[in-house]
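The values are calculated or read from the model by the stated rules, or taken from the named source; none is laboratory data. Source: prediction; values computed, not measured. All Cβ positions, glycine included, derive from the backbone under ideal geometry; neighbour counts span all protein chains shown. Please note that ligands, DNA and RNA were not included when accessible areas were found on the heavy atoms of the full protein model with its side chains. Shrake-Rupley method; radii C 1.70, N 1.55, O 1.52, S 1.80 Å.
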Amino acid sequence: MPTDRIILTGMQFYGFHGVNPEERRLGQSFVVDLEAEIGLRQAGRSDHLADTVSYAHLYRTARQVMEGEPRQLLEAAAENIAEQTLALYPSIDAVRVRVSKPRPPIKGSVIESAAVEIYRKR
């Protein structure tokens, strides 16, 4: 049976995550995609926000992590977004989070982005 999802793509944040001292001092842009698995039938029928999770709230959850406490690894940022999403919104059954670092600072490289993607469920 297909699972309903709320999907936010291309959320852009500026944060100070990274292993290198320059990344933590100067900061850089990050892009986050989030998919929340949640039953949407009731919201579709009722047309009431109370029957779903506001995507504005999901955005603010991701923003709080990405613009908050610096982390060394993209994995840690993604994990924290997933943990916060599941903790704050009990109607969400599972979450997929992708955190991308555009143009990662790897000497001698030309890379569009580096990313991690995790999937967590209750």
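Only residues that are open to solvent by 10 Å² or more (accessible area, probe 1.4 Å) and either among the charged types (D, E, K, R) or closer than 14 Å to Ile38 by Cα (or both): list them for the stretch 90-102, please.
So in the stretch 90-102, the residues open to solvent by 10 Å² or more (accessible area, probe 1.4 Å) come out as 90-91, 93, 96, 98, 100-102.
Hits for the stretch 90-102 are Pro90, Ser91, Asp93, Arg96, Arg98, Lys101.
Could you tell me which of the residues Arg71, Arg120 is of a type in the set (D, E, K, R), over 22 Å from Gly15 (Cα atoms) and modelled with pLDDT of 95 or more?
Arg120
Of the conditions (1) open to solvent by less than 90 Å² (accessible area, probe 1.4 Å); (2) part of a helix (DSSP H, G or I); (3) touching a helix residue (DSSP H, G or I) at 6+ places or on another chain (Cβ under 9 Å); (4) more than 19 Å from Lys121 (Cα to Cα), Phe30 fails just one. Which one is it?
(2)
Look at the stretch 69-89 and say how many of its residues are over 30 Å from Gly39 (Cβ atoms) and out of contact with any strand residue (DSSP E or B) (no Cβ under 9 Å at 6 or more places or on another chain).
2
Would you check which residues across the stretch 5-27 are in contact (Cβ under 8 Å) with a residue 12 or more places away in the chain, in a helix (DSSP H, G or I) and either under 18 Å from Arg98 (Cα atoms) or open to solvent by 60 Å² or more (accessible area, probe 1.4 Å) (or both) and list them? If you could, list the steps in order and put the result at the bottom.
First pass over the stretch 5-27, keeping only residues in contact (Cβ under 8 Å) with a residue 12 or more places away in the chain: 5-20, 22-24, 27.
After this cut, where a residue has to be in a helix (DSSP H, G or I) as well, the list is 22-24.
Correct list: Glu22, Arg24.
Per-residue answers, yes or no, for (1) among the aliphatic types (A, V, I, L, M); (2) closer than 22 Å to Pro90 by Cα:
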position	(1), (2)
Ile7	yes, yes
Ser29	no, no
Ala50	yes, yes
Val53	yes, yes
Thr61	no, yes
Gln64	no, yes
Leu74	yes, no
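Output the residues belonging to the stretch 103-118 that are open to solvent by less than 40 Å² (accessible area, probe 1.4 Å) and of a type in the set (Val, Ile, Thr).
Of everything in the stretch 103-118, those that are open to solvent by less than 40 Å² (accessible area, probe 1.4 Å) and of a type in the set (Val, Ile, Thr) turn out to be Val116, Ile118.
Does the stretch 28-52 hold any residues that are touching a residue at least 24 places away in the same chain (Cβ under 8 Å), over 14 Å from the mean Cα position of the chain (by Cα) and over 20 Å from Leu74 (Cα atoms), and which are they? Even if it seems obvious, please write down each step before you answer.
Here is the first cut: in the stretch 28-52, the ones touching a residue at least 24 places away in the same chain (Cβ under 8 Å) are 28-41, 52.
Going one step further and asking which of them are over 14 Å from the mean Cα position of the chain (by Cα), we end up with 28, 38-41, 52.
Those that are touching a residue at least 24 places away in the same chain (Cβ under 8 Å), over 14 Å from the mean Cα position of the chain (by Cα) and over 20 Å from Leu74 (Cα atoms): Ile38, Gly39, Leu40, Arg41, Thr52.
Here is a yes/no grid of residues against (1) loosely packed, with under 12 Cβ neighbours inside 10 Å; (2) modelled with pLDDT of 95 or more; (3) closer than 20 Å to Ser29 by Cβ:
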position	(1), (2), (3)
Ser46	yes, yes, no
Val53	no, yes, no
Ala78	no, yes, yes
Ala82	no, yes, no
Thr85	no, yes, no
Leu88	no, yes, no
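Residue by residue through the stretch 33-42, note down the ones that are touching an Asp or Glu at 6+ places or on another chain (Cβ under 7 Å), closer than 20 Å to Thr61 by Cβ and open to solvent by 20 Å² or more (accessible area, probe 1.4 Å).
Within the stretch 33-42, Glu37, Gly39, Leu40 qualify.
If you take the residues in the stretch 57-76 that are in a helix (DSSP H, G or I) and within 12 Å of Val116 (Cβ to Cβ), which one is most open to solvent (accessible area, probe 1.4 Å)?
Glu75
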